[in-house]
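Heads up, the thing below is written out as structure tokens.
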Amino acid sequence: MFLINCPFCGEREQSEFKAGGEAHIVRPKQPTELSDDQWAEYLFMRKNIKGIQFERWNHIHGCRKWFNMVRDTSNDEIKAVYKMGEKPPVK
Amino acid sequence: MKNKYSIFSLIKNAFSYHENWEKAWKDPEPKKEYDVIIIGGGGHGLATAYYLAKKHNMRKIAVVEKGWIGGGNTGRNTTIIRSNYLWDASAGLYDHALKIWEGLSQELNYNVMFSQRGVMNLAHNLQDVRDLKRRTHANRLNGIDAVYLNTEEVKKFCPIINTSPDIRYPVLGGTLQKRAGTARHDAVAWGYARGADEMGVDIIQNCEVKGIKRNGDAIEGIETTKGFIKTNKIGVVAAGHSSVIANMAGLRLPLESKPLQALVSEPVKPIIDTVVMSNAVHAYVSQSDKGELVIGAGTDDYVSYSQKGSHDIVEGTLNAILELYPIFSRMRMLRQWGGIVDICPDASPIISKTSIKGLYFNCGWGTGGFKATPGSGDLFAHTIANDEPHKLNAAFNLNRFVSGDLVDEHGAAAVAH
């Protein structure tokens, strides 16, 4: 359990949020051109990093808006929170 | 040759106050080179080493474990064993394991306390009823014992369940697999470790893998905290940390690692002599031989390696437990813990070769790997020894995420994810 600083609502309990998985996976621009391997890569393969991970969250029991988060998955420490479309504030 | 455990060895050792028991396994330093190295000393990894030595006559085998054997998910699960999965491929896989469980204590000369006390899966809405009936039929076609029970039969089989129609999610029926049950998780790891050690397998604890050395598409060895070890074949059985190892080899896996929690109560007298699982409200419970209620909670929805879960997950599970079993309202919980489970998009495991020659993965067991331990070890050993999957694990290859031939077992996985 941890607290999340929603960029729209402020600090709330993590149970108000829904995790949306790895961030910055770009939807294929030309889906009809994709090979099966490329589809598998886009749909299923994940970094699943132990350490600093970029991910999407939704404040599902609050403002219901999506945003991005940088979190250390080894200890659940949140490094930064930023809005959709923005560049990540840390590398 | 190790001394056989028996009533006589027990009596003999009683005279020396149980201070002279032979060590069940050695604690060797790694040799320079092995034919096969298994990464991960949990139940699945130790079973793999055991069957590699026993059935495939391989001798220079090492199991490297970053902590102590059986200290990961092997020692953190709720010990439930069953094989009532929907699809033919899964039924074959899990029932293969169940058949080995039935003779495992004798084979290993180690009491794994396998107890076929039955597993009941409850239905709480009309869709559950339809799904569970369909699964019962599918199970029976695959030769797996399964029966569908109506509400009265559920109550008769487990009288402490609240079957009142007035609860939020009333019990509309359930399935029962009588051959299913539980086993002692530590004993499984220790039994396989003892058996493997006897056949010359080196079980190397406190040895964390730091890197995988490749020469082009071939494997050269592993970098560990105890130095470099040369090998041409690596079997990775690292559960929640599978992706971490895969990254070392430059491989991508379709996994997400998430915390899964369980908890036990204070010990009480026998009150529930079976395992009851409920997918819809997410509650499952059994009672250990010590008398503790063993309760499984759900997974968190975010990736984490912290071995801690969220409190609200436990709270939700306990709400459901209390609605179904009002008799437990004053039970006190003794311990709570989390393990990191590697979840596949189709809730089925991967026992497979990879694009790198000599590198094999056994992962993606998600929330339900314990039940498969002996079968998983057997089939993974076959895959490594022959460089080809056994027909029972052929469907569980990595390529299914490219071909689209998934084995969707979200319905039978019993832990919603």
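Summary of the geometry: segment B:343-401 and segment A:25-59, compared by the centres of their Cα atoms, lie 23 Å apart. Prolate is the label for segment B:251-317. Its Cα gyration tensor axes, ordered a ≥ b ≥ c, give a/c of at least 1.5 and a/b above b/c.
If Lys and Arg each add +1 and Asp and Glu each add -1, what is the summed charge of the other residues whose beta carbon sits under 13 Å from the beta carbon of residue B:48? Could you put the intermediate results ahead of the total?
On the way: positive: B:54, B:55, B:233; negative: B:65, B:378.
Value of the local net charge: +1.
Between the helical axis of B:43-55 and the longest alpha-carbon principal axis of chain B there is an angle of about 60 degrees.
Accessible surface calculations at 1.4 Å, restricted to protein heavy atoms, place segment A:3-83 at 56 Å² per residue. Qualifying trypsin sites (Lys or Arg not before Pro) in segment B:84-185, where qualification requires a DSSP coil assignment and no more than 11 other C-beta atoms within 10 Å, comprise B:168. In Å², what does the accessible area per residue of chain B work out to with a 1.4 Å probe? Accessible area per residue: 41 Å². Peptide B:245-257 shows a mean partner chain C-beta count of 3 within 10 Å per residue C-beta.
Please give me the summed charge of the neighbours of residue B:377: other residues whose Cβ is under 11 Å from its Cβ, Lys and Arg +1, Asp and Glu -1. Each step should come with its number before you reach the end.
Details: positive: B:54, B:55; negative: B:378.
Charge balance in the 11 Å sphere: +1.
Note: relative contact order over segment A:3-83, using C-alpha pairs below 8 Å and six or more positions apart, is 31 percent. The modelled label-to-label distance for the pair residue B:140/residue B:127, using points 7 Å beyond Cα in the direction of Cβ, is 2.5 nm.
One-quarter of the Cα convex hull surface for segment B:117-187, in nm²?
Numbers: hull surface 23.4 nm².
Answer in nm², one decimal: 5.8.
In terms of overall dimensions, the C-alpha atoms belonging to chain B reach 66, 62, 40 Å along their principal axes, ordered largest to smallest. Restricting attention to the protein assembly as shown, close to 75% of DSSP beta bridges with both partner residues there are antiparallel. Taking the Cα centre of chain B as reference, the dipole from Cβ charges on Lys and Arg (+1) and Asp and Glu (-1) amounts to some 700 debye. Taking a point 7 Å out from the Cα of residue A:75 in the direction of its Cβ, none of the residues of segment B:231-250 has a backbone N less than 16 Å from it.
Less than 10 Å Cβ to Cβ from residue B:86, Lys/Arg counted +1 and Asp/Glu -1: what total charge do the surrounding residues give?
With Lys, Arg at +1 and Asp, Glu at -1, the neighbours total -2.
With contacts taken as Cα pairs under 8 Å and at least 6 residues apart, chain B reaches a relative contact order of 22 percent.
Please go through the residue pairs B:55/B:226; B:55/B:230; B:66/B:290; B:226/B:308; A:50/B:258 and name each one whose alpha carbons sit more than 19 Å apart in this structure. It would help to have the intermediate numbers written out before the result.
Values: B:55/B:226 29 Å; B:55/B:230 23 Å; B:66/B:290 29 Å; B:226/B:308 28 Å; A:50/B:258 11 Å.
Violating the 19 Å Cα-Cα cut-off are B:55/B:226; B:55/B:230; B:66/B:290; B:226/B:308.
Expressed per residue, the C-alpha convex hull volume of segment B:148-267 stands at 226 Å³. With every protein chain in place and a 1.4 angstrom probe, the accessible-area ranking of A:59, B:241, largest first, reads B:241, A:59. Element breakdown for segment B:57-185 at a 1.4 angstrom probe: carbon and sulfur atoms account for 53% of the accessible area. For the chain pair A and B, buried accessible area totals roughly 2200 Å², probe 1.4 Å, rounded to the nearest 100.
Inter-chain Cβ neighbour count for A:8-21, averaged per residue, equals 2 (cutoff 10 Å, partner chain atoms only).
Could you check how many percent of all C-alpha pairs in chain A are farther apart than 17 Å? So the pairs more than 17 Å apart make up 53 percent of the total in chain A.
Can you give me the Cα centroid spacing of segment B:148-186 and segment B:50-105 in angstrom? If we compute the Cα centre of each part, the gap is 27 Å.
Averaged over peptide A:48-61, the number of partner chain Cβ atoms lying within 10 Å of each residue's Cβ comes to 3. Taking 10 °C and 1.306 mPa s as conditions, segment B:320-390 diffuses translationally at an estimated 105 µm²/s according to Stokes-Einstein applied to its Kirkwood radius (Cα pairs). Computed log10 I(q)/I(0) for the protein assembly as shown at 0.09, 0.12 Å⁻¹: -0.66, -1.18, from the Debye equation with unit scatterers placed on every C-alpha and solvent omitted.
The values are calculated or read from the model by the stated rules, or taken from the named source; none is laboratory data. Here the structure is a predicted model, which means the values were calculated and not measured. Positions of Cβ are backbone-derived with ideal geometry, glycine not excepted, and every protein chain shown enters the neighbour counts. All accessible areas refer to the heavy atoms of the entire protein, side chains included, with ligands and DNA or RNA removed. Shrake-Rupley method; radii C 1.70, N 1.55, O 1.52, S 1.80 Å.
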